[in-house]
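J.: Take a look at the following structure, please.
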Amino acid sequence: MPDNPFDLSRRLFLDRVAQAAALGSMAQLAPWAAASAAEPAGRERVRLGIIGTGDRGRALIQNILKTRNCAVAAICDDYAPHLDKARALLPAATPSFADHRAMLDAGGIDAVVIATPLHVHAAQTFDALSAGLHVWCEKAMARTIADCTAMVERSRAANRVLQIGHQRLFNPTYLNALARARAGEIGTITQVRASWHRNRDWRRAVPPGSDLERKLNWRLYRESSAGLMTELATHQIQVANWFFGALPTRVMGSGSICFWKDGREVYDHVALIYDYPGGRKLVYTSLLNNARYGCEEQIMGHKGSIEPELGRIYAEEPPRVPGLQQLRRDVAKGRRRTIPIGGATWFPELPVTTPGESLGWGEYDESMLQFEAFAEAVKTNTPAPGLLREAYHASVASLLGEQAMDQGQPAAWPAALAFAEPQTAG
């Protein structure tokens with residue numbers, strides 16, 4: 001038995017990432033995967049300053065503490081209760097600050113991790129880059145497309161790494177799914193269906209008598225968030241871009257405050273269609289009052305389907321049941337339904353319930369691995385290939401979706417962006 005059980009699980013996890021990266025053209029599709037699974041460049045740990053210690057920031061701290069090449073060297077939050085909770089996760093001597101600029105001025109860090117409300121991502125990224133630091137920032141990138149573009153341009157000008165939190169890019173199940181899709185196992189992919197459904201109001205409790213409503217519930221207000229689009233949809237738009245190996249040409253959609261009529265400004269129910277070259281489509285829905293179908297993606301080709309969130313791949317060979325045989329089964333089970341009359345044989349088009357084949361290896365910690373990749377990028381001042389482009393395009397697409405819903409008409413993909421070249425999946 002190893003002295004540290006986590007070391008063994010981490011080693012196995014990294015081995016499996018390396019195996020996935022070696023499959024077929026995976027080294028070209030996801031070059032960061034093999035690089036992330038490599039041994040660290042030197043034994044020193046990259047010192048990270050955490051800006052934002054709310055629920056997400058503390059979850060990131062716990063992932064960082066598991067890595068082999070990162071250390072939390074300082075924390076910062078302008079809301080004292082969040083800062084106190086983060087202090088409890090770290091050694092007592094860890095410096096803490098109420099202002100991120102004071103943390104930057106104090107030194108002692110190599111990079112920052114930004115886990116703050118969306119509308120301040122860009123300004124905090126600019127401050128860190130100006131201080132000569134590398135930046136890991138939560139998705140989505142920023143509140144506007146202009147700020148997303150400025151973040152890319154500023155990181156290039158500063159010659160510093162900017163990495164955005166899209167952990168599915170490090171998930172072995174998704175890497176394996178992409179490799180098998182690229183190998184043609186599910187044929188020509190024509191549609192991706194994705195959803196992220198929850199059944200809660202997304203509202204945080206505000207201390208009685210305080211004026212902290214918009215500060216603590218920033219996801220619910222337009223100046224600080226695009227709601228479901230920037231907080232959830234960016235992940236799954238990135239998956240669609242990845243599997244299509246392309247960018248959307250336009251998006252149309254409808255959004256509403258359908259259920260939670262509590263003063264929020266962002267939609268609690270969205271439905272969108274993203275068009276891709278060749279007539280392909282991403283059909284996306286997200287809502288906050290029914291969790292039955294949860295978070296899922298369905299990658300559909302003419303030979304099969306992949307559900308990476310569930311870790312399954314399915315062949316497009318559903319058994320066809322003659323109508324009379326189906327009728328006998330219905331009678332035996334006491335079911336009643338209308339029987340169409342139009343031919344000698346009737347084939348019901350019901351959902352396929354075959355179990356499919358597993359794509360994954362169980363539980364793994366892709367959130368931890370993305371920080372190990374970031375640390376190696378910081379050490380060599382070399383961004384992992386393709387990561388920023390993937391995140392940037394997903395953020396742009398999410399904001400275009402908001403625009404299409406607000407304006408009630410399709411929004412076309414912008415002609416000039418920071419990454420102007422045609423996208424590939426790596």
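The values are calculated or read from the model by the stated rules, or taken from the named source; none is laboratory data. What you see is a predicted model, and the numbers here were worked out from it, not measured in a lab. All Cβ positions, even for glycine, are placed from backbone atoms using ideal geometry, and neighbour counts span all protein chains on display. In case anyone asks, the SASA skips ligands and DNA or RNA and just uses the protein heavy atoms, side chains included. Shrake-Rupley method; radii C 1.70, N 1.55, O 1.52, S 1.80 Å.
J.: Pick from the stretch 373-414 the residues that are within 20 Å of the chain's Cα centre (by Cα) and of a type in the set (D, E, K, R): which of them is least open to solvent (accessible area, probe 1.4 Å)?
T.: Selected residue: GLU390.
J.: Something else about it: Just to be sure I understand, how many residues within the stretch 101-116 are acidic (Asp, Glu) and out of contact with any strand residue (DSSP E or B) (no Cβ under 8 Å at 6 or more places or on another chain)?
T.: Residues flagged as acidic (Asp, Glu) and out of contact with any strand residue (DSSP E or B) (no Cβ under 8 Å at 6 or more places or on another chain) within the stretch 101-116 amount to 1.
J.: May I ask you to list pairs of residues, at least six apart or on different chains, whose Cβ atoms are under 8 Å apart, with the first in the stretch 155-184 being touching a residue at least 12 places away in the same chain (Cβ under 8 Å) and more than 22 Å from CYS137 (Cα to Cα) and the second being assigned to a loop (DSSP other than H, G, I, E, B) and among the β-branched types (Val, Ile, Thr)?
T.: Filtered contacts from the stretch 155-184: ARG180/ILE186.
J.: Something else: How about the stretch 177-208: which of its residues are among the hydroxyl-bearing types (Ser, Thr, Tyr) and open to solvent by 20 Å² or more (accessible area, probe 1.4 Å)?
T.: Matches in the stretch 177-208: THR188, THR190.
J.: Which of the residues belonging to the stretch 188-231 are within 17 Å of ARG264 (Cα to Cα) and of a type in the set (A, V, I, L, M)?
T.: ALA205, VAL206, LEU212, LEU216, LEU220, ALA226, LEU228, MET229
J.: Shifting gears a bit: Which of (1) modelled with pLDDT under 95; (2) in a loop (DSSP other than H, G, I, E, B); (3) not hydroxyl-bearing (Ser, Thr, Tyr) does TRP202 not meet, given it meets every other one?
T.: So the condition that TRP202 fails would be (1).
J.: Take the residues in the stretch 108-128 that are more than 25 Å from LYS379 (Cα to Cα) and among the aliphatic types (A, V, I, L, M), then tell me which one is surrounded by the most Cβ atoms within 10 Å (Cβ to Cβ).
T.: Out of the qualifying residues, it is LEU118.
J.: Next up: Of all residues in the stretch 84-102, count the ones that are among the hydrophobic types (A, V, I, L, M, F, W, C), surrounded by fewer than 21 Cβ atoms within 10 Å (Cβ to Cβ) and in a helix (DSSP H, G or I).
T.: Qualifying residue count for the region: 1.
J.: Another question about this same structure. Could you say whether any residue in the stretch 69-78 is more than 21 Å from ARG45 (Cα to Cα) and polar (S, T, N, Q)?
T.: Taking every residue of the stretch 69-78 in turn, none turns out to be more than 21 Å from ARG45 (Cα to Cα) and polar (S, T, N, Q).
J.: What residue, among those in the stretch 134-159 that are open to solvent by less than 50 Å² (accessible area, probe 1.4 Å) and hydroxyl-bearing (Ser, Thr, Tyr), is farthest from GLY108 (Cα to Cα)?
T.: Only one residue fits best here, namely THR149.
J.: Pick from the stretch 244-286 the residues that are charged (D, E, K, R) and open to solvent by 50 Å² or more (accessible area, probe 1.4 Å): which of them is farthest from SER224 (Cα to Cα)?
T.: Among those that are charged (D, E, K, R) and open to solvent by 50 Å² or more (accessible area, probe 1.4 Å), it is ARG280.
J.: Same structure, new question: In this structure, does ASP105 turn out to be crowded, with 19+ Cβ neighbours inside 10 Å and either closer than 22 Å to LEU387 by Cβ or acidic (Asp, Glu) (or both)?
T.: So ASP105 does not fit the description; no.
J.: Here is a further query. Pick from SER224, SER254: which is in contact with a helix residue (DSSP H, G or I) (Cβ under 8 Å, 6 or more places away or on another chain), part of a loop (DSSP other than H, G, I, E, B) and under 20 Å from GLU402 (Cα atoms)?
T.: None of the other options fit; the residue is SER224.
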